[in-house]
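Presented below is the structure to which this report refers.
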Amino acid sequence: MFSLNKFSLVITTRCNLKCKLCCEYIPQNKPFPDMTVNEAENILHVIFQVCNHITTMHLTGGGEPFLHEEQHLLIEATMKYAKRFDRLMLFTNTVVPIKNELLEVILKYKKKIFIQLSQYGINPEREQSIAELLLKNDVNCRVEKYYGENQPFGGWVDFGAWEKRGRTFSDLELIFKGCAVTQHMHGNWRTRDGKVHWCSRSMRGMELGLIPNYPNDYIDLFDTTSIAEKRAKFETIANSLYLSACEYCSGEQGTSDTSKRIKAAEQE
């Protein structure tokens, strides 16, 4: 039995907000084309050859997933594998209105769907109306309030500039071990184009050309290696002492130092 705790399809890198210190560096970069249904189907076909079971499937974004015009179709494509995962998690900044066709699909599969409503106080009336719409229809939601006092985790962190920091091997190991992606998520496995990375810093850095391409740090679902070899590479990365991306990161993800936490989603 080969399982993953979490697997994310990054369906869009477009966003309606311009958050300072966005960990995905969305405002500073031109978005990639949205993931098509065919692209998603191809990725799903291979990942469920590699994996017998996934605990949480995500349809997420480097940006705002609810901007994707065909998100309802992506949900339908994912649900073809519903017996192979425990839940499908969706994210939204709770500012984009829910289209009718998307709401219909959410309600159709609501026993399997979980939605995180991240609220930033950008448009309080819309944030409230979207939350009320989903909750009155018994959709399983979690509201995370990222403004004012008592923000989740104490706020965001600054992942820093994309620059080499000249760290020792011991420093890199400490960063990898102490990262919330390693400690709590057991890998934030994610892909936009079939290249599956352990974390967003690794994926975004390489796809934007901000850090060198390190093939040892991701699994290419569409290369010529066998299913057994792909599984072995997942395990190799998961058991790494560090990733190349750790050299290009502040290393503050998961910090317990509240002085390093910042107010979330301040707009540029």
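At what distance in nm do the modelled label points of His45 and Lys108 sit from each other, each positioned 7 Å from its Cα along Cα→Cβ?
Modelled inter-label distance: 2.1 nm.
Would you order His186, His58 from fewest to most other beta-carbon atoms within 10 Å of each residue's own beta-carbon?
Ordered by Cβ neighbours within 10 Å, fewest first: His186, His58.
Mind checking the full-extension length gain between Glu268 and Lys136? Use 0.36 nm per residue of separation minus the Cα-Cα distance, one decimal, nm.
Contour length minus Cα-Cα distance gives 44.1 nm.
Amide H neighbours of Thr94 under 5 Å, counting only residues 5+ apart in sequence or on other chains, H built in-plane at 1.01 Å?
Distant-sequence amide H within range of Thr94: Ser118.
Where does each of Ser256, Ser250 land when they are ranked from fewest to most other beta-carbon atoms within 10 angstrom?
Ser256, Ser250
Assuming 0.36 nm per residue, please report the length gained on full extension of the stretch Arg165 to Gln116 beyond their Cα-Cα distance.
Values: separation 49, 0.36 × 49 = 17.64 nm, distance 3.42 nm.
Full-extension gain reported as 14.2 nm.
Calculated from DSSP H runs of 4 or more alone, at -39500 (n - 2.57) each and per residue, what is the 222 nm mean residue ellipticity of the chain, nearest 500?
Rounded to the nearest 500, it is -8500 deg cm²/dmol.
Quick one: putting +1 on the C-beta of Lys and Arg, -1 on the C-beta of Asp and Glu, what dipole do you get for segment 3-260 around its Cα centre, in Debye to the nearest 20?
360
Let's test the formula: R0 of 22 Å, r as the Cβ-Cβ distance of Asn123 and Arg87. What FRET efficiency results, to the nearest 0.05?
Numbers: r = 28 Å, r/R0 = 1.26.
Using R0 = 22 Å, I get an efficiency of 0.20.
Filter the GluC sites (Glu not before Pro) in segment 101-167 down to the DSSP loop ones having no more than 13 other Cβ atoms within 10 Å, then list what survives.
On the way: sites: Glu101, Glu104, Glu125, Glu127, Glu132, Glu144, Glu149, Glu163; in loops: Glu149, Glu163.
Answer by residue number: Glu149, Glu163.
If amide hydrogens are placed 1.01 Å from N in the peptide plane, which non-local residues have theirs closer than 5 Å to the one on His58?
Placed amide hydrogens put Phe7, Ser8, Leu9, Met89 under 5 Å from His58.
When only Cα pairs under 8 Å and 6 or more residues apart are kept, what is the percent relative contact order across the chain? Can you show the working numbers first?
Working: 465 pairs, mean separation 59.8, N = 268.
Relative contact order comes out at 22 percent.
Quote the FRET efficiency, to the nearest 0.05, computed for Phe2 versus Asn213 with a Förster distance R0 of 30 Å and r equal to the Cβ-Cβ distance.
Computed FRET efficiency for Phe2 and Asn213: 0.70.
How many times 2.2 N^0.38 Å is the alpha carbon radius of gyration of the chain? Please list the in-between numbers first.
Working: Rg = 18.2 Å, N = 268, 2.2 N^0.38 = 18.4 Å.
Dividing the Cα radius of gyration by 2.2 N^0.38 Å gives 0.99.
For the pairs Lys112/Lys195; Lys108/Lys136; Lys20/Lys112; Lys111/Lys233, flag any whose C-alpha to C-alpha distance is greater than 24 Å.
Pairs exceeding the cut-off: Lys112/Lys195; Lys20/Lys112; Lys111/Lys233.
Per-residue HN-Hα couplings for segment 262-268, Karplus 6.51 cos²θ - 1.76 cosθ + 1.60 at θ = phi - 60°, whole Hz, x for Gly and Pro?
Each residue's phi maps through the Karplus curve to give 10, 5, 6, 6, 5, 8, 6 Hz.
Contact order normalised by length for segment 109-268, with contacts defined as Cα pairs under 8 Å and 6 or more residues apart; what percent is it?
Numbers: 203 pairs, mean separation 47.0, N = 160.
Relative contact order comes out at 29 percent.
Based on the alpha carbon coordinates of segment 226-268, what radius of gyration and maximum Cα-Cα distance (Dmax) apply, in Å?
16.5, 46
Take Cys19, Cys179 and order them by how many other Cβ atoms sit within 10 Å, fewest up front.
Values: Cys19 20, Cys179 24.
Neighbour counts put them in this order, fewest first: Cys19, Cys179.
Which aspartates and glutamates, on any chain, are close to Lys110 with Cα under 16 Å apart, when same-chain ones fewer than 8 places away are left out?
Straight-distance partners of Lys110: Glu76, Asp86, Glu101, Glu132, Asp138.
Starting from the Cα of Lys30, draw a straight line to each of the aspartates and glutamates and keep only those under 15 Å, dropping any in the same chain fewer than 8 residues away.
The qualifying aspartates and glutamates are Glu64, Glu207.
Are there any trypsin sites (Lys or Arg not before Pro) in segment 1-45 that are in a DSSP loop and have at most 13 other Cβ atoms within 10 Å? List them by number.
Here the trypsin sites (Lys or Arg not before Pro) that fit, given the DSSP loop and packing criteria, are Lys18.
So if we plug the beta-carbon distance of Asn38 and Asp220 into 1/(1 + (r/R0)^6) with R0 = 22 Å, what FRET efficiency do we get, rounded to 0.05?
0.75
We did not get these values from a lab; they are worked out from the coordinates using the rules stated. Remember, predicted model here, so these are calculated numbers, not experimental data. In this analysis, Cβ positions are derived from the backbone assuming ideal geometry, glycine residues included, and neighbour counts consider all displayed protein chains.
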